[in-house]
1. What about Ala153, is it among the small types (Gly, Ala, Ser), modelled with pLDDT of 90 or more and farther than 17 Å from Pro68 by Cβ?
2. Here is a check on your reading of the model: is Leu131 surrounded by fewer than 20 Cβ atoms within 10 Å (Cβ to Cβ) and touching a residue at least 12 places away in the same chain (Cβ under 8 Å)?
3. Can you tell me which residue in the range 96-110 is nearest to Glu73 (Cα to Cα), limited to those that are out of contact with any helix residue (DSSP H, G or I) (no Cβ under 7 Å at 6 or more places or on another chain) and part of a strand (DSSP E or B)?
4. Which is within 22 Å of Val42 (Cα to Cα), modelled with pLDDT under 90 and either polar (S, T, N, Q) or touching a strand residue (DSSP E or B) at 6+ places or on another chain (Cβ under 6 Å) (or both), of Arg88, Arg115?
5. Pick from Arg136, Arg123, Arg160, Arg149: which is touching a helix residue (DSSP H, G or I) at 6+ places or on another chain (Cβ under 7 Å), of a type in the set (Lys, Arg) and either surrounded by fewer than 21 Cβ atoms within 10 Å (Cβ to Cβ) or over 13 Å from Ile111 (Cβ atoms) (or both)?
6. Of everything in the range 91-140, what is within 19 Å of the chain's Cα centre (by Cα) and basic (Lys, Arg)? Give them in sequence order.
7. Based on what the data block shows, is Asn89 open to solvent by 20 Å² or more (accessible area, probe 1.4 Å), outside any helix (DSSP H, G or I) and polar (S, T, N, Q)?
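The values are calculated or read from the model by the stated rules, or taken from the named source; none is laboratory data. Bear in mind the structure is a predicted one, so any value in this text is a computation, not a measurement. Neighbour counts are summed over all protein chains in view; Cβ atoms, including those assigned to glycine, are modelled from backbone coordinates with ideal geometry. What goes into the accessible areas is simple: the full protein's heavy atoms, side chains included, and nothing from ligands, DNA or RNA. Shrake-Rupley method; radii C 1.70, N 1.55, O 1.52, S 1.80 Å.
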Amino acid sequence: MNLSDNVVGYAIAVVVITALAQKVLATMRHGHWGNILRLRRVLKQLIRLGAEENGSARQFGFMRRIDPFLFEEVILTALKRAGCRIQRNARYTGDGGIDGQCWIHGEHYLIQVKRYSSHINPRQVNDFVQLCRARRAKGLFIHTGKTGRHAKAQTTDHVRIISGQGLLSLLAQGALPLHKVFHKKCG
């Protein structure tokens with residue numbers, strides 16, 4: 001083997017490594033990691049909007065326009081900032097109706113996140129309640145819409161709906177009034 005063979009071998013290795021690195025970076029930008037990297041900017045935007053006149057309405061409008069997978073990451077990160085231990089899914093699709101999991105005071109919660117522009121669908125709340133029962137876990141149904149009486153009627157002591165001011169508190173301050181929702185703090 002001579003010097004030119006070594007140079008060609010190194011050149012091929014550099015090309016292969018560069019191509020793999022580009023593929024990994026592209027995957028990171030468009031998958032979980034890309035959304036996680038965009039979180040800080042989204043949370044800052046939510047805080048900025050909240051300080052403006054009609055801030056709450058503008059915050060909800062903003063949340064309803066962002067990518068639904070990014071919104072899931074925003075919610076999970078906000079729960080983590082509130083002190084909850086969280087578990088993200090390995091992927092966004094095919095999750096069986098569970099967008100993530102958290103532990104609050106040692107209790108396991110399944111999380112479902114929805115971006116609604118009007119009233120939430122009571123059937124989706126009921127489906128999530130049934131899923132939580134089947135998994136023997138509590139649940140958080142977190143959404144940007146309006147919670148009508150039919151949707152509220154679907155909840156149980158084990159599944160709570162988080163929306164409105166509770167959702168804004170969680171996102172803007174990283175602190176959800178969990179004592180009001182669960183009568184316990186995250187842990």
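1. So Ala153 fails the test.
2. Details: surrounded by fewer than 20 Cβ atoms within 10 Å (Cβ to Cβ): yes; touching a residue at least 12 places away in the same chain (Cβ under 8 Å): yes.
The answer is yes for Leu131.
3. Only one residue fits best here, namely Gln101.
4. On the way: Arg115 fails: either polar (S, T, N, Q) or touching a strand residue (DSSP E or B) at 6+ places or on another chain (Cβ under 6 Å) (or both).
Matching residue, one of Arg88, Arg115: Arg88.
5. It is Arg160.
6. Correct list: Arg91, Lys114, Arg115, Lys138.
7. On the way: open to solvent by 20 Å² or more (accessible area, probe 1.4 Å): yes; outside any helix (DSSP H, G or I): yes; polar (S, T, N, Q): yes.
So Asn89 passes the test.
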